[in-house]
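Reading through the C-alpha cells given below for one structure.
Nothing in this text is a laboratory measurement; each read-out follows from the coordinates by a stated rule. Since we're looking at a predicted model, the values are computed, not measured. No Cβ is skipped: glycine too gets one built from the backbone with ideal geometry, and neighbour counts run over all protein chains shown.
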Amino acid sequence: MHNSGSIVYIASDAMFADAVLEGKLDPKSDEDFNLYNYETVQTKSAVGSGTGLRSELGRTIEREHPESILPAIATKQFVPCANHMFARITEHLVKRRVTSCLELEVLNKSKGTGVAEKEAALKHLLDNINARGVRNGKFSIAFDNKLQPITLNVKCAELISAPPLVFSTNYNHILDNVASNNDFPTLLSAALQKSLNWPTNKITEYDLEKEISRVHWELHLLSRKVLILEKNSPVPMNISNLGFLIWKYRNILDLQTFFVDFHVIKRVDIVPILLKQLPINGLFRCSTEGGEDSQYIHQCLFYGHSSRGGGWVKEDPILTILNGIVEKSVNK
C-alpha cells in the first residue's frame, strides 16, 4: 500500500504505539516522555515567555523512530485513540480531586476538623458520581495503605465528565460541595483572563476545575464530531471551533501545570496537528473501540466465557469455524 502511494494510519493506545515504535518510551523518564516530540519533565510544563501560554511554543511532530517495526509509517501517521485519551484524562482528574480531598485532613489538622472535612468532601464526591449511575451507582475509591489506581471505561468517563445540562435529570456538578471556593493561589495572566472572559485576575479552585472539566468535555465531543454540544451552550460545536477550543484548553493547561500528564500533552500539542492533516473529520473515527470490542469477543469465545461466567475451554473461534466447514463438507 505504501509503495502504491497510499497513506496508512495506525490508531492505538499509547502502549501499543510504544511497542510498535520500539522506542522504549517511558512517561516517567526525562528523555522518552512523548513519542511525537522530544519532551522532558522540565519542558512538558513549559509556556511561552511572551504570553505565558503554551500555545506560544508551537510544538510540532518532530520525532522519528528508526527502530520501528513499521518503518514505512511515519510518526505523524500514528493517531492516539480519542477514547483512551478521554478516559485516561478523566481518571487523572478524578484522582487529583480525590487527592485534594485527602489533603484536607492535613491542611485542617490544626483546627481539629481535618478528618471530618476530608470525609465530607469524599462523601459528596462519591454521591455526585454515583447519582449519575456510574457503575450502576456503586463507584467506589479503593485504599490499601495508599490510593489505588482509578480505572474508568468510556461510558463511566462520560457520565462523570458531562456537565449537568447534558442530562434530562437534574444532577449536581461533580465538584459541587467538593472543590474549595477559596481563590486559586496563582493569579490569572492577562492573556488567560481574556481567553476565559473572566472578570478579574482571581479565580476560585471550584471555578477553575469547572472550566477544565467543561473544556475536557467539549474536546471529547469534538473528537467524536458531535455537532450540537448541549442546550443553552455558548459554544456551538462544529469543526470551525477547533482552533478556539484547543486554544482555550491550552490556556487552562498553562495555569494547571501540575495537571499535565502525557495524555494531556498529546491532546494539547499534537491533536490539533493531527486533526488538520487527517483525511477525515473527527479524531473519534480513528478510535480503537471497535477493534478492542472484537478482540474481547474473540477472547471470550476462545476461553468459553460469557456474560454469565463460563469455563476455560480454549477453543479458537476461527479454527472452530474452519472445522465446522470441513465437517459440513465431509458429511455431504
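Give the Debye-formula value of log10 I(q)/I(0) at each listed q (0.13, 0.17, 0.19, 0.31 Å⁻¹), with one equal scatterer per alpha carbon of the range 144-198, two decimals each.
For the requested q values the scattering log ratios are -0.63, -0.93, -1.00, -1.12.
What ranking of Glu211, Glu327 emerges when the number of other C-beta atoms within 10 Å of each C-beta is taken as an exposure proxy, fewest first? Please list the in-between numbers first.
Working: Glu211 19, Glu327 10.
Listing Glu211, Glu327 from fewest to most nearby Cβ atoms yields Glu327, Glu211.
Around Ile203, under 9 Å between beta carbons, what's the net of Lys plus Arg minus Asp minus Glu among the other residues? Could the numbers behind the result be given before it?
Numbers: positive: Lys202; negative: Asp183, Glu205, Asp207, Glu211.
Every neighbour counted, the sum reads -3.
Where does each of Val94, Val106 land when they are ranked from fewest to most other beta-carbon atoms within 10 angstrom?
Numbers: Val94 21, Val106 10.
Starting with the residue having the fewest Cβ neighbours, the order is Val106, Val94.
Quick check on the range 41-119: take the gyration tensor over C-alpha atoms, sort the square-rooted eigenvalues as a ≥ b ≥ c, and tell me if it's rounded (a/c under 1.5), prolate or oblate. Each step should come with its number before you reach the end.
Values: a/c = 3.74, a/b = 2.08, b/c = 1.80.
Since a/c reaches 1.5 and a/b is larger than b/c, the shape of the range 41-119 is classed as prolate.
If you rank Glu218, Glu103 by fewest surrounding Cβ atoms within 10 Å, what's the result? Intermediate values should be presented prior to the final figure.
Values: Glu218 22, Glu103 13.
Ranking Glu218, Glu103 by Cβ neighbours within 10 Å, fewest first, gives Glu103, Glu218.
Full extension from Thr113 to Lys276: what is 0.36 nm times the residue separation minus their Cα-Cα distance, to one decimal in nm?
Contour length minus Cα-Cα distance gives 53.5 nm.
Extension gain Ser6-Trp198, at 0.36 nm per residue separation less the Cα-Cα distance, in nm? The partial results should precede the final answer.
Details: separation 192, 0.36 × 192 = 69.12 nm, distance 4.73 nm.
Gain on extension, Ser6 to Trp198, equals 64.4 nm.
How long is the gain from Thr60 to Gln42 if the chain were fully straight, where each residue apart is worth 0.36 nm and the alpha carbon distance is subtracted? Walk me through the numbers before you get to the answer.
Details: separation 18, 0.36 × 18 = 6.48 nm, distance 1.73 nm.
Taking Thr60 through Gln42 to full extension adds about 4.8 nm, to one decimal.
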